[in-house]
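Engineer: Below is the structure I would like to discuss, written out as structure tokens.
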Amino acid sequence: MKKSTRVNFLIALAYCVTLIGGMYLGYKLLKDQGFQVEKDIRYANTENEKVDDIIHIIKKKYVDDVNADSLKHLPIDSLLHQLDPHSAYLPPTEAFELSEALEGNFEGVGVEYYILNDTLLVTNVIKDGPAFLSGVKQGDKILKVDTTVVSGRMLPRSQMMGRIKGKKGTNVQLTVLHPGNTNPVTLNVKRGRVEVSSIDAAYMMNQETAYIRISKFGATTDNDFANTIKTLKAKGMKKMVLDLRDNGGGYLTAATSLANQFLPENKLIVYTQGKHDPRTDYFTTGGGEFEQGKLAVLINENSASASEIFAGAIQDLNRGAIIGRRSFGKGLVQEQFAFEDGSALNLTIARYYTPSGRSIQKSYKKGYKAYQQEIEDRLNTGELTAGSTKADSLMNNLPYITKDGKKIFSGGGIQPDIYVKLDTLGYNKFYATLLQKNIFIDFVFETLADRYTSDYLNRAVSVFNINDKDYVDFLKYAESKKVVIDTKQLIQAKPLIYKNLKLMLYKYYLGDNGYYKAHNQSDPMIKQALGYLAVN
């Protein structure tokens, strides 16, 4: 073999090795993140061929034993509904949107906006993002995007906001009206990659206790959390309230990495297993930033998937107290199988299990679910009290295990150690109408924000409330928006109205951190968490 030929062969071989290695690592990364991808494309051309292909996949991969042949004559959607709530067929458009979301494309200008009276109002400008560096400010009204007028034209939301989005490196010209000015200015913004922390809020509640809020588990959650912890430790943090309420999940590896921040080395966090999918264990590696401090974790009925993985590990390993209400109960692992036409099948192949072996997935059999919901409803209404003999008797009919002297209930979702019932006092039809018509947000943005300053609100967070004039003007504003005032329901909802206006005002001026500082002043779960941390 000639020397030049040998060199070319080695170069080609190196390219092949690099390509194959990259493909393997990419596939492994997706699988580690809890979203698995089938490597071969299915070539079904007709609906019947696709049904046959789906039934073949079910036989080969589905989490449980199922008589797949009995499903042959059903339409695809009906076929999958016979399996579980999370197996689904995605038409080409939906499959593409899901794939795009998994890629995590955060390129843009770095602003949050709200459509107020058919005008784009900037409600937040991400620090050091493209818009921030170009001079866009909170409270700006965006009048034009490039040469297109977007204000006052009754354009669909997608058209108004879609014109601002674009690829990194491209330019967009924004004509904006700064607050208090009468003449608009034109700003040139170069789109870029915007770094947004996955930590919604983090601050010291008292000299020793920190509050951290996480609403989703993203690719940067672990790093964001570690950096946040270091900052809070420097301020004296020894205890923590970690708020996972309404956290619908995200990447599996983000949840296991977060658990690793709290647990010692070589502890089982979660495992997955299915009929055709062998057991996979996820262990801690140690060296976390908060292995010793006292911990309270808040969950509710909307905490799901990755949130439940984390809460289940903390509970099973006795690392802290779980406070709130039973979580959603989403513990199924889906793998995606792609078809040539761009559509895809998301099929359940395994279940998540906590370290003690509890299945996170709630039963989707009507009888059991109805029985479980009955207990939850009776706890919520106060008919039963968590920890009472009667409640314990009912709960004992749910599967449970005893670990280190305490009962840990199974049967789907995570049952908290300290139950806090849902407070619906004042929430009535009139209040719901105000929310539905966005009266709170519109009034704050259009009127109330001009009456206060961020410095004043920041100083007065523990004592601040809107005044009577604000309240009267709010009712006049609601009437101007065709809301009929029901006096009886208004009296019931008045405390909630005061509270919500305060929260919207804090969110506008001080972002999520300010919102949660204000919200937590009267939050019953926060009260329970602080009480637990004070005595444990």
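The values are calculated or read from the model by the stated rules, or taken from the named source; none is laboratory data. What you see is a predicted model, and the numbers here were worked out from it, not measured in a lab. As a convention, Cβ positions derive from the backbone with ideal geometry for all residues, glycine included, and neighbour counts pool all protein chains shown. Only protein heavy atoms, including side chains, enter the accessible area calculation; ligands, DNA and RNA are left aside. Shrake-Rupley method; radii C 1.70, N 1.55, O 1.52, S 1.80 Å.
Quick grid of which residues meet (1) under 30 Å from L242 (Cβ atoms); (2) modelled with pLDDT of 95 or more:
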| site | (1), (2) |
| --- | --- |
| S480 | no, yes |
| K494 | no, yes |
| Y498 | yes, yes |
| G511 | yes, no |
| Q528 | yes, yes |
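Engineer: While we're here: With the stretch 231-350 as the region, which strands (runs of 3 or more DSSP E) entirely inside it contain at least 1 residues that are of a type in the set (S, T, N, Q) and surrounded by fewer than 22 Cβ atoms within 10 Å (Cβ to Cβ)?
Structural biologist: By residue number, 268-273, 280-283, 332-338.
Engineer: Here are some conditions: (1) modelled with pLDDT of 90 or more; (2) not in a loop (DSSP other than H, G, I, E, B). V136 meets all but one. Which one does it not meet?
Structural biologist: V136 satisfies all of (1) modelled with pLDDT of 90 or more; (2) not in a loop (DSSP other than H, G, I, E, B) except (2).
Engineer: Where the second residue is at pLDDT 75 or above and in a helix (DSSP H, G or I) and the first is more than 17 Å from S78 (Cβ to Cβ) and lies in the stretch 43-57, which pairs have Cβ atoms under 9 Å and are six or more apart or on separate chains?
Structural biologist: Every condition considered, the pairs that remain are Y43/E49; Y43/D53; A44/K50; A44/V51; A44/D52; A44/D53; A44/I54; H56/A68.
Engineer: Right, here's the next one. Which ones in the stretch 496-512 are touching a Leu at 6+ places or on another chain (Cβ under 7 Å) and either open to solvent by 20 Å² or more (accessible area, probe 1.4 Å) or without any contact (Cβ under 8 Å) to a residue 24 or more places away in the chain (or both)?
Structural biologist: Correct list: Y509, L510.
Engineer: Residues being open to solvent by 90 Å² or more (accessible area, probe 1.4 Å), of a type in the set (S, T, N, Q) and part of a loop (DSSP other than H, G, I, E, B): count how many of those fall in the stretch 45-96.
Structural biologist: 3
Engineer: I would also like to ask the following. Tell me whether the stretch 314-330 contains one or more residues that are closer than 20 Å to H56 by Cα and either modelled with pLDDT under 95 or touching a helix residue (DSSP H, G or I) at 6+ places or on another chain (Cβ under 8 Å) (or both).
Structural biologist: Looking through the stretch 314-330, none of the residues is closer than 20 Å to H56 by Cα and either modelled with pLDDT under 95 or touching a helix residue (DSSP H, G or I) at 6+ places or on another chain (Cβ under 8 Å) (or both).
Engineer: Can you tell me which residue is farthest from S303 (Cα to Cα) among those in the stretch 191-230 that are at pLDDT 95 or above and part of a loop (DSSP other than H, G, I, E, B)?
Structural biologist: Q207
Engineer: So how many residues does the stretch 453-472 have that are open to solvent by 30 Å² or more (accessible area, probe 1.4 Å) and out of contact with any Lys or Arg (no Cβ under 8 Å at 6 or more places or on another chain)?
Structural biologist: Residues meeting the conditions: 12.
Engineer: Hey, among F290, F339, F328, which residue is touching a residue at least 24 places away in the same chain (Cβ under 8 Å) and closer than 27 Å to K238 by Cα?
Structural biologist: F290
Engineer: Give just the number: which of (1) of a type in the set (G, A, S); (2) touching a residue at least 40 places away in the same chain (Cβ under 8 Å); (3) in a helix (DSSP H, G or I) does S462 not satisfy?
Structural biologist: Result: S462 passes all but (3).
Engineer: Name the residue that is most open to solvent (accessible area, probe 1.4 Å), counting only residues in the stretch 120-155 that are of a type outside the set (D, E, K, R), over 20 Å from G166 (Cβ atoms) and out of contact with any helix residue (DSSP H, G or I) (no Cβ under 9 Å at 6 or more places or on another chain).
Structural biologist: Step by step, filter the stretch 120-155, then rank; the result is M154.
Engineer: Could you list all residues from the stretch 473-495 that are hydroxyl-bearing (S, T, Y), more than 17 Å from D442 (Cα to Cα) and surrounded by 11 or more Cβ atoms within 10 Å (Cβ to Cβ)?
Structural biologist: Passing the criteria: none in range.
Engineer: Examine the stretch 209-224 for a residue that is open to solvent by less than 50 Å² (accessible area, probe 1.4 Å), hydroxyl-bearing (S, T, Y) and touching a Lys or Arg at 6+ places or on another chain (Cβ under 6 Å), and state whether such a residue exists.
Structural biologist: Among the residues of the stretch 209-224, at least one is open to solvent by less than 50 Å² (accessible area, probe 1.4 Å), hydroxyl-bearing (S, T, Y) and touching a Lys or Arg at 6+ places or on another chain (Cβ under 6 Å), which makes the answer yes.
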